[in-house]
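In what follows, a structure is listed as structure tokens, so that the remarks can point back to it.
The values are calculated or read from the model by the stated rules, or taken from the named source; none is laboratory data. As the structure is a prediction and not an experimental result, all values here were calculated from the model. Here the Cβ positions follow ideal geometry from the backbone for every residue, glycine too, while neighbour counts run over all protein chains shown. Each accessible area value is taken on the protein alone, full model and side chains, heavy atoms only, with ligands, DNA and RNA left out. Shrake-Rupley method; radii C 1.70, N 1.55, O 1.52, S 1.80 Å.
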Amino acid sequence: MNEQVKIDLDRAERAEKLQGMGCKRKRVEDIRFTQGKGSYVDDLKLPGMVFGDFVRSPHAHARIVSIDTSRAKALPGVIAVLTAADLKPLGLHYMPTLAGDVQAVLAEEKVLFQNQEVAFVIAEDRYIASDATELVDVEYEALPCIVDPFRSMLPDAPILREDIKDKMTGAHGPRKHPNHIFEWQIGDKQATDDVFAKADVTIKEMLVDHRTHPSPLETCQSVASFDKVKGELTLWGTFQAPHVIRTVVSLISGLPEHKIHVIAPDIGGGFGNKVGAYAGYVCSVVGSIVLGVPVKWVEDRMENLSTTSFARDYHMTTELAATKEGKIVGMRVHVLADHGAFDACADPSKWPAGFMNICTGSYDIPVAHLVVDGVYTNKASGGVAYRCSFRVTEAVFAIERAIEVLAQKLGMDSAELRMKNFIRAEQFPYQSALGWEYDSGNYHVAMQKAMDTIGYRQLRAEQAEKREAFKRGETRELMGIGISFFTEIVGAGPAKNCDILGVAMFDSAEIRIHPTGSVIARMGTKSQGQGHETTYAQIIATELGIPADDIMIEEGNTDTAPYGLGTYGSRSTPVAGAATAVAARKIKAKAQMIAAHMLEVHEGDLEWDIDRFRVKGLPEKFKTMKEIAWSAYNAPPPNMEPGLEAVNYYEPPNMTYPFGAYFCIMDIDVDTGVAKTRRFYALDDCGTRINPMIIEGQVHGGLTEAFACAMGQEIRYDEMGNVMGASFMDFFLPTAVETPKWETDFTVTPSPHHPIGAKGVGESPHVGGVPCFSNAVNDAYAFLGAGNIQMPHDAWRLWKVGERLGLHA
Amino acid sequence: MIPGTFAYHRPTTIDSAVALLIELGEDARPLAGGHSLIPLMKTRLASPEHLVDLTGIDGLNGIERSDGDVVIGAMTTQHSLIGSSLLSELVPIVRETSLRIADPQIRYKGTLGGNCANGDPGNDMPALMQCLNARYVLTGNEGPREVAARDFYLGAYETALAAGEILTAVRIPIPAPGHGYAYEKLKRKVGDYATAAAAVMITMAGDTCTSASIGLTNVAETPLWAEEAGRLLVGTKLDEGSIASAVAAAEAITDPASDMRGPADYRTKMAGVMLRRALERARSRAKA
Ligand SMILES: Cc1cc2nc3c(=O)[nH]c(=O)nc-3n(C[C@H](O)[C@H](O)[C@H](O)COP(=O)(O)OP(=O)(O)OC[C@H]3O[C@@H](n4cnc5c(N)ncnc54)[C@H](O)[C@@H]3O)c2cc1C
């Protein structure tokens, strides 16, 4: 064998052994998850532990006349019943929300949504606790309720939040009505209005991204254990952001932060549901402080769907202005945001409507103006980012539906219209009309690749034939082609515009190499199933030349992990992933000095080679990272402190902007309204790809949730404010049978400002998927003059479209 | 999702089960596979104080041919219905319908008797049993009596079962060889109850329909036997005109609730669409 070939083979073998970036490494956490050996909050059993359960309001809006807990307290096994009256002296009957509002922990004078927490029963077991909730007698005086957000600000609307009715300035400026939360504006109104007044073509459409719920498999839960002797609180819970929870608990309880141990063990999915703080957490903490024994609270499915954090409920009046050739010249959007009874949106504090201003999408739109009005209604609070960065699904839905409406008005193919308006590769970094700086993109290439792969022209030809056949009565099926080309904004974020209650949105990594060359690394993020234990190890493996299997990743214990802002908004890779690379590079720099000392050469004479430093020009003279680690502890160079570890708190200079091109081919049975997805193709560009298999898994999951949201998932209320379908009987969680088959593809446009060029991918498929499905449905009916068809596109609603169009004999 | 307190009983004979049910009265409920009753208990829509589990009773299980009937023990699981070669040969529509119930895990536990006795219009077996003109054997302390499936359902969760009675067996008259059959069910997803469903049994002589029986699921407070719709098909060639009038007659007797599956008008129309599709499939299967 030729010498060079031998060297190359040896290098390839060494690189492969690392299972570093780019490797389809199997998820290490799955070994325990697939064997039922995960350790979740509800698995926790502590000596003397007792259980809490809530008494909830049957009314959407009612005055509480009286609460009588005596029958409940008399039930054997009941230890305590907490009401607002018990929490009030502690100042805990309300808690601060992330959005600058307050939220009732236990309702004091009024209930504001059905299933609102009214009392917390603590008993020796869960059955007794549940029995006792039926024995708490609450007398209500029903009040008229508001379900439709368009009625919130009517002059005669009932005032919902009496606790703040005189406070005409909220956390985000003046309020126009007692049921108004905020008005948020961005962009150039005058310039936009001028463009619209002069434009050749304009469109205006009310696009509703309806209320739904992230519904992770594991519901929200906590166990609080207060040690009266030490004055220390340990709180286990389903926390996507454990450090933030620790800070918030410290601020509201008055306990010093070092005496609070917040631990997020394995989490069974989050999707935004586990970012906020909930009444159950507070009540378990108060219960444990008062009783001195551990208190467990576990939400059931109905409670989860109907109380802890809905998503969406954005009513978006979306306008585009264009030339008759199809060049978009302006965008104007007004959003009416239904926030429910409290403003408990989980957004960075300065962003009451999240990053809704990414709504200009992937297009070079010179001027735009966005106004968002948030209002209260008698529904559960939340407004969390359900598998997306803050309000990004809503924003992308608005632009990607609007562009279809515009294409139709122009009589132009919508793929062509997109191509015509994309931001061009050479325009990056691109300054958007609504204030963002897009880091990198190559949209035309991605779109062309997607169109070529699915055979876009042929599909349009097939559709044209099908439409003719339908008109002739030869088929009862409609074919729709859905397109979406999304740009996300993830990885919050730079301290200048991103903080949560004043805590800047950095993230962190702490890497420690043991003397024998294996590693423990801890991050400020918290996986809920994303596979962090696998992928962070791959970053370190490549950066430091240590096999991923020798690297343990730990998250979730606030005593040991460095402070971080947690996992949501696809921020783990963009922020903590960057911290990981930077910390690793600090270690590598020290390792290089040690290697130079060991090899008795100058540092500059060394070069990095996969898992070792070698002397330039003398490849047989090298020290592996493993050897260096041993020396770092036991024989460091003179005057160098022993050990090999580093920590990095990373404040990102910018967000990252993943993008992608999605296509959906759908066939709809007009007689039943049942839609079948024939084909779904998803091309994602998330920059550098750390683990292609995990990316594919994330895309599959995100698309499945997008499919659910678009095609039937909803949290609906009747006119009395009763929440409908809040169980898995009705709430559409697709099984493997309903879920379409996914085809995935990619291009790679690294982020220029990220240490490894990665952008994040966990949420892209959801963000891009929802409008893609909706566009397919709308496209199917478009030739019949259906107009805009709102989500969710479940069978009966599509059947109603056919009914309206006179398609049923 | 936490049930109330209850006592659990596990009798080993029909007599002792009946005696227990009579002794415990209103507060007791028979327990079969538990896949309707336990979800109701977990949401506290039902809070029986006593559960009388029928699992330990001999002789409630099995599928056999007896005189002109197929007799199925009440505790026979839905899974066993699917696996039975006797049923596949003689009454294949039972297998076809069973396969549309819930999912495999539920069918391993859920029983035919529980499905029929439950009285929930969402269950698939009752309309099928009406379509097949099955008879339910009800056993109380005065011994067994038979009630036709077509007479059994009085309202939502209201049946002809008297206090202390247990459904012990279902007797299905063996249909004519060469009959055409189909069960068409529209549902939102696996594991969902029907938006609407139709069971159809027909016999053909040449291209003329000589008998037709139709059952409808989940489009009224009770399962529906669409007698008139069936009658309109007999003697016809199942041409478009007669199918349309049968569909109209079937739709006319529906009275569905509006729920998350869709508003009432939709569910009525879906009963019609399911019937039409079931008729088409049944005809294609019938041997003259
Ligand atoms: C997620 C889910 C989806 C489902 N989907 C469907 C579906 O699509 N179609 C469908 O038909 N069903 C469906 N079911 C219900 C399932 O088929 C049940 O198994 C069935 O309805 C009841 O049978 P069981 O043996 O489980 O009865 P149980 O739940 O034990 O009992 C049901 C009721 O009947 C009474 N009972 C039971 N046996 C007798 C008897 N021998 N004599 C007198 N009274 C008796 C009980 O007291 C109780 O009131 C679903 C269930 C679930 C949980």
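Odds and ends about this structure:
- Modelled this way, with points 7 Å down the Cα-to-C-beta line, the labels at A:Asn497 and B:Thr43 are 4.5 nm from one another.
- Unsatisfied cross-links (Cα-Cα over 32 Å) in the set A:Lys449/A:Lys800; A:Lys37/A:Lys496; A:Lys409/B:Lys269; A:Lys45/B:Lys189; A:Lys526/B:Lys185; A:Lys17/A:Lys621: A:Lys449/A:Lys800; A:Lys37/A:Lys496; A:Lys409/B:Lys269; A:Lys45/B:Lys189; A:Lys526/B:Lys185
- In terms of Cα atoms, the Rg and Dmax of chain B work out to 18.8, 61 Å.
- The stretch A:529-565 versus the stretch A:574-605: alpha-carbon centroid distance in Å: 18
- Of B:Glu64, B:Glu23, B:Glu96, the one that fluctuates the most in a GNM where chain B has Cα springs shorter than 10 Å: B:Glu23
- Rounded percent of accessible protein surface that carbon and sulfur make up, the stretch A:710-751, 1.4 Å probe: 61
- For chain A, a simple Cβ point-charge model (Lys and Arg +1, Asp and Glu -1, everything else neutral) yields a dipole of about 800 debye relative to the Cα centre.
- A Förster distance of 56 Å, applied to the separation of the beta-carbon atoms of B:Tyr108 and A:Asp559, puts the FRET efficiency at 0.80.
- Averaging Cα coordinates gives a centre for the stretch A:255-332 and one for the stretch B:84-104; these two points are 45 Å apart.
- Stokes-Einstein D (µm²/s) once Rh is taken as the Kirkwood radius of chain A over alpha-carbon pairs, at 10 °C in 1.306 mPa s: 57
- Most to least packed among A:11-18, A:55-62, A:566-573 [average Cβ atoms within 10 Å]: A:566-573, A:55-62, A:11-18
- Amide hydrogen neighbours beyond the local backbone of B:Leu31, cut-off 5 Å, H modeled: B:Val52, B:Asp53, B:Leu54
- Highest-MSF residue in chain B out of B:Ser213, B:Ser84, B:Ser66 [GNM, Cα springs under 10 Å]: B:Ser66
- Accessible surface, the stretch B:180-285, averaged per residue in Å² (probe 1.4 Å): 35
- Database remark: amide H of A:Ala758 closer than 5 angstrom to the amide H of A:Thr688, A:Ser751 (H placed geometrically; neighbours at sequence offset of 5 or more, or on other chains; Pro and chain starts carry no H).
- Expected-Rg normalisation [2.2 N^0.38 Å, Cα atoms] applied to the stretch B:180-285: 1.02
- Calculated P(r) of the stretch B:11-123 - Cα pairs past 20 Å, %: 44
- Highest to lowest packing among A:269-281, A:599-611, A:252-264, scored as the average C-beta count within 10 Å: A:269-281, A:252-264, A:599-611
- Within chain A, DSSP assigns beta bridges of which about 80% are antiparallel (rounded to the nearest 5).
- Average beta carbon contacts from partner chains per residue of A:725-737, 10 Å cutoff: 3
- For peptides A:483-494, A:157-168, A:209-220, A:512-523, sequence by mean Cβ density within 10 Å, most packed first: A:483-494, A:209-220, A:512-523, A:157-168
- When the other protein chains are added to the chain by itself, burial of at least 50 square angstrom of heavy-atom accessible area (probe 1.4 Å, ligands and nucleic acids ignored) affects these residues of the stretch B:227-262: B:Met260.
- Positive-pole candidate from A:Gly660, B:Gly140, A:Ala492, dipole of the protein assembly as shown, charges at beta carbon: A:Gly660
- Cleavage-rule hits (GluC sites (Glu not before Pro)) in the stretch B:125-168: DSSP loop, at most 14 neighbouring Cβ within 10 angstrom: B:Glu142
- Pair B:Val190, A:Leu251: separation of 7 Å Cα→Cβ label points (nm): 4.5
- Alpha-carbon centroids, the stretch A:717-752 and the stretch B:111-166: separation in whole Å: 38
- Lys/Arg +1, Asp/Glu -1 at C-beta; chain B dipole; positive extreme among B:Thr55, B:Leu86, B:Gly164: B:Leu86
- Between A:Glu139 and A:Lys327, the FRET efficiency from the beta-carbon distance, with R0 = 45 Å, is close to 0.10.
- Shielding by partners - mean other protein chain Cβ count within 10 Å, residues of B:1-10: 3
- Inter-chain neighbour count for A:762-768: the average number of beta-carbon atoms from partner chains within 10 Å of each residue's beta-carbon is 0.
- A simple spin-label model places the labels of A:Asn634 and B:Glu227 9.5 nm from each other, with each point 7 Å out along Cα-to-Cβ.
- Hz values of 3J(HN,Hα) by residue in the stretch A:258-264 - Karplus curve (6.51, -1.76, 1.60), Gly and Pro given as x: 6, 9, 10, 10, 9, 10, 9
- Apportionment of accessible area to carbon and sulfur, chain B, percent (1.4 Å): 51
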